[in-house]
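The values are calculated or read from the model by the stated rules, or taken from the named source; none is laboratory data. Please read all numbers here as calculations on a predicted model, not as lab measurements. Quick reminder, even Gly has a Cβ in these numbers, built from the backbone with ideal geometry, and neighbours come from all protein chains shown.
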């Protein structure tokens, strides 16, 4: 760790005592302080670690806040900032230097980000006439999930979204009662048609053989009941696949 002993923040202080304390923003050289850097050059000039440092504010014992932030990013899934969305409160607290307050701050940061990402269409009725629209709307909510989640979209005669609900969590392929649960809720909420979504936690939305087989079962059930399956969309990491566009429906 590089320490500038000529910096005014270290004048008159015993270095051993300083190492036993948690470094704060004010104790960093001005050129390395994220707040001042943001004011001078704007937030886009900050690295991921610096942005995170603004949120958690203080470092640990003998560790600057930017160093703690860099280490946090290295310990989340994928070793990048997107991995924050896959962390739980307890997982954050297992990182050395992240206590209860910092863990809550990080968890709230990810929740705020998710809500911002999904808020653009929140005040209007989503028209599910193109897979791109559907995927964009649900991407922020589903791409960071740690396990597979199946969602049902209930549509009216204009293909507008009337309701959406989680049908199952865990594994799409192991949900043997899935068609029954889907059409129970489709009938309950008076669906004219439906769309099914599920995510791949790996980030790769490529459908498996089981995905394709189960999609055909759902589509066949819909034909019998009279509530067609318009699409099955698999959500990945900023990617998606429409099984209708792929010719599977």
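Some points to look at:
- Counting the residues of the stretch 182-199 that are surrounded by fewer than 23 Cβ atoms within 10 Å (Cβ to Cβ) and either free of Cβ contacts under 8 Å to residues at least 24 places away in the same chain or part of a loop (DSSP other than H, G, I, E, B) (or both) gives 5.
- Residue 166 vs. criteria at pLDDT 90 or above and surrounded by 14 or more Cβ atoms within 10 Å (Cβ to Cβ): no
- Output for the stretch 237-249, where each listed residue is closer than 16 Å to residue 148 by Cβ, touching a residue at least 60 places away in the same chain (Cβ under 8 Å) and either in contact with a strand residue (DSSP E or B) (Cβ under 8 Å, 6 or more places away or on another chain) or in a strand (DSSP E or B) (or both): 240
- Being at pLDDT 90 or above, surrounded by 15 or more Cβ atoms within 10 Å (Cβ to Cβ) and either in contact with a strand residue (DSSP E or B) (Cβ under 6 Å, 6 or more places away or on another chain) or farther than 30 Å from residue 87 by Cβ (or both) is a property that does not hold for residue 175.
Okay, residues lined up against (1) closer than 30 Å to residue 236 by Cα; (2) modelled with pLDDT under 85; (3) loosely packed, with under 14 Cβ neighbours inside 10 Å:
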residue: 10; (1), (2), (3): no, yes, no
residue: 14; (1), (2), (3): no, yes, yes
residue: 33; (1), (2), (3): no, yes, no
residue: 39; (1), (2), (3): no, no, yes
residue: 48; (1), (2), (3): yes, no, no
residue: 93; (1), (2), (3): yes, no, no
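- Selection status of residue 230, touching a residue at least 60 places away in the same chain (Cβ under 8 Å) and in contact with a strand residue (DSSP E or B) (Cβ under 6 Å, 6 or more places away or on another chain): yes
- Among the residues of the stretch 116-135, those identified as surrounded by 12 or more Cβ atoms within 10 Å (Cβ to Cβ) and either part of a loop (DSSP other than H, G, I, E, B) or modelled with pLDDT under 90 (or both) are 117, 118, 121, 126, 127, 128, 129, 130.
- A residue that is in the same structural domain as residue 152 (by TED's automatic domain parsing), assigned to a loop (DSSP other than H, G, I, E, B) and in contact with a helix residue (DSSP H, G or I) (Cβ under 6 Å, 6 or more places away or on another chain) occurs nowhere in the stretch 200-216.
- The set of residues from the stretch 55-69 being surrounded by 18 or more Cβ atoms within 10 Å (Cβ to Cβ), touching a helix residue (DSSP H, G or I) at 6+ places or on another chain (Cβ under 6 Å) and not in a strand (DSSP E or B) comprises 56, 65, 66, 69.
- In summary, residue 154 fulfils each of the numbered conditions (1) outside the structural domain of residue 205 (by TED's automatic domain parsing); (2) modelled with pLDDT of 95 or more with the single exception of condition (1).
- Residues that are touching a helix residue (DSSP H, G or I) at 6+ places or on another chain (Cβ under 6 Å) and not in a strand (DSSP E or B) occur at least once in the stretch 144-163.
- Odd one out for residue 209 among (1) touching a residue at least 24 places away in the same chain (Cβ under 8 Å); (2) over 29 Å from residue 88 (Cα atoms): (1)
- Count of the stretch 217-236 residues which are crowded, with 18+ Cβ neighbours inside 10 Å and not in a helix (DSSP H, G or I): 9
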